[in-house]
Amino acid sequence: METIQIEDKDFEILLENDQINKRTRLIGIQLNVDYETRCPIIIGVLNGSFMFMADLLREIDVACEIAFIRVSSYNGTSTTGSVKEAFGLPDNLHNRDIILVEDIVDTGTTLKYILEKVHSQQPSSVKVCSLLFKPSALLEPIPELEYVGFEIPNEFVVGYGLDYNGLGRNLKDIYRATIPA
Ligand code: IMP
């Protein structure tokens with residue numbers, strides 16, 4: 001089993017790039033069907049979603065607009081519990097179909113915060129597409145979470161956009177932290 005080390009932590013493979021790509025293709029097909037007659041605004045939540053967003057968009061062939069927002073809230077391996085700020089949410093979401101693209105939904109705190117801001121502009125629909133979802137970490141249900149790549153256990157993961165202290169975002173595969181012996 002391939003393991004890697006980032007700073008003080010050891011990681012082992014959880015999802016290979018091939019698996020991620022296959023799943024992404026299927027989500028893309030689903031979105032192409034669901035949004036066939038609409039022109040959604042697809043909003044990537046930075047930094048973690050950049051790789052998933054790029055690969056997902058290559059699978060999407062409906063007319064769409066693209067935007068990115070940035071939220072800072074995460075420190076090391078545990079959520080701080082509070083979301084600091086969101087930058088760059090477009091102000092033209094009224095009456096539009098919105099798809100938020102996330103790398104991972106953990107406690108759901110970040111997403112709740114973004115969703116509140118999005119809904120305040122009265123879009124006609126809002127859905128969330130997240131590559132990863134840790135159901136056992138979720139604090140309250142998120143009805144907008146419609147498209148999920150993989151449900152994973154409540155473990156810290158890195159790679160394919162996700163970082164540990166700023167490192168590991170460039171890894172092609174997704175790794176999980178091993179329990180120290
Ligand atoms: P939430 O607000 O607890 O749902 O956390 C969401 C954000 O925390 C994600 O967009 C990630 O940036 C980060 N995050 C949550 N879990 C992990 C993880 O296992 N590895 C790396 N980043 C994570």
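The values are calculated or read from the model by the stated rules, or taken from the named source; none is laboratory data. Keep in mind that this is a model prediction, so the values were computed, not measured. Positions of Cβ are backbone-derived with ideal geometry, glycine not excepted, and every protein chain shown enters the neighbour counts. In case anyone asks, the SASA skips ligands and DNA or RNA and just uses the protein heavy atoms, side chains included. Shrake-Rupley method; radii C 1.70, N 1.55, O 1.52, S 1.80 Å.
Here is how the numbers come out for the structure above:
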{"read-out": "Test: THR110 is at pLDDT below 95 and either surrounded by fewer than 21 Cβ atoms within 10 Å (Cβ to Cβ) or more than 27 Å from ASN17 (Cβ to Cβ) (or both)", "value": "no"}
{"read-out": "Matching residues in segment 149-171 - criterion: being near the ligand (Cβ under 9 Å from one of its atoms) and under 11 Å from the mean Cα position of the chain (by Cα)", "value": "GLY161, LEU162"}
{"read-out": "Any hit, segment 47-68, residues being touching a helix residue (DSSP H, G or I) at 6+ places or on another chain (Cβ under 9 Å), closer than 27 Å to ILE13 by Cα, surrounded by 14 or more Cβ atoms within 10 Å (Cβ to Cβ) and modelled with pLDDT under 95", "value": "no"}
{"read-out": "Residues within segment 166-181 that are part of a loop (DSSP other than H, G, I, E, B) and farther than 22 Å from MET53 by Cβ, tallied", "value": "4"}
{"read-out": "Strands (runs of 3 or more DSSP E) contained in segment 1-68 and holding at least 2 residues in contact (Cβ under 8 Å) with a residue 60 or more places away in the chain and farther than 19 Å from GLU146 by Cα", "value": "3-6, 9-15"}
{"read-out": "Any chance ASN154 is touching a helix residue (DSSP H, G or I) at 6+ places or on another chain (Cβ under 7 Å), more than 20 Å from GLY28 (Cβ to Cβ) and open to solvent by 70 Å² or more (accessible area, probe 1.4 Å)", "value": "yes"}
{"read-out": "Which listed residue is open to solvent by 70 Å² or more (accessible area, probe 1.4 Å), of a type in the set (D, E, K, R), within 13 Å of the ligand (Cβ to nearest atom) and in contact (Cβ under 8 Å) with a residue 12 or more places away in the chain, from GLU85, GLU146, GLU140", "value": "GLU140"}
{"read-out": "Test: VAL118 is open to solvent by less than 40 Å² (accessible area, probe 1.4 Å) and within 8 Å of the ligand (Cβ to nearest atom)", "value": "no"}
{"read-out": "Test: residue in segment 94-106 that is out of contact with any strand residue (DSSP E or B) (no Cβ under 7 Å at 6 or more places or on another chain), open to solvent by 10 Å² or more (accessible area, probe 1.4 Å) and at pLDDT below 95", "value": "no"}
{"read-out": "Any pair with Cβ under 6 angstrom, 6 or more apart, that starts in segment 106-135 at a residue that is within 24 Å of PHE150 (Cβ to Cβ) and part of a helix (DSSP H, G or I) and ends at one that is open to solvent by 40 Å² or more (accessible area, probe 1.4 Å) and of a type outside the set (Val, Ile, Thr)", "value": "PRO135/GLU151"}
{"read-out": "Segment 167-181, subset out of contact with any strand residue (DSSP E or B) (no Cβ under 6 Å at 6 or more places or on another chain) and modelled with pLDDT of 95 or more, residue most open to solvent (accessible area, probe 1.4 Å)", "value": "LYS172"}
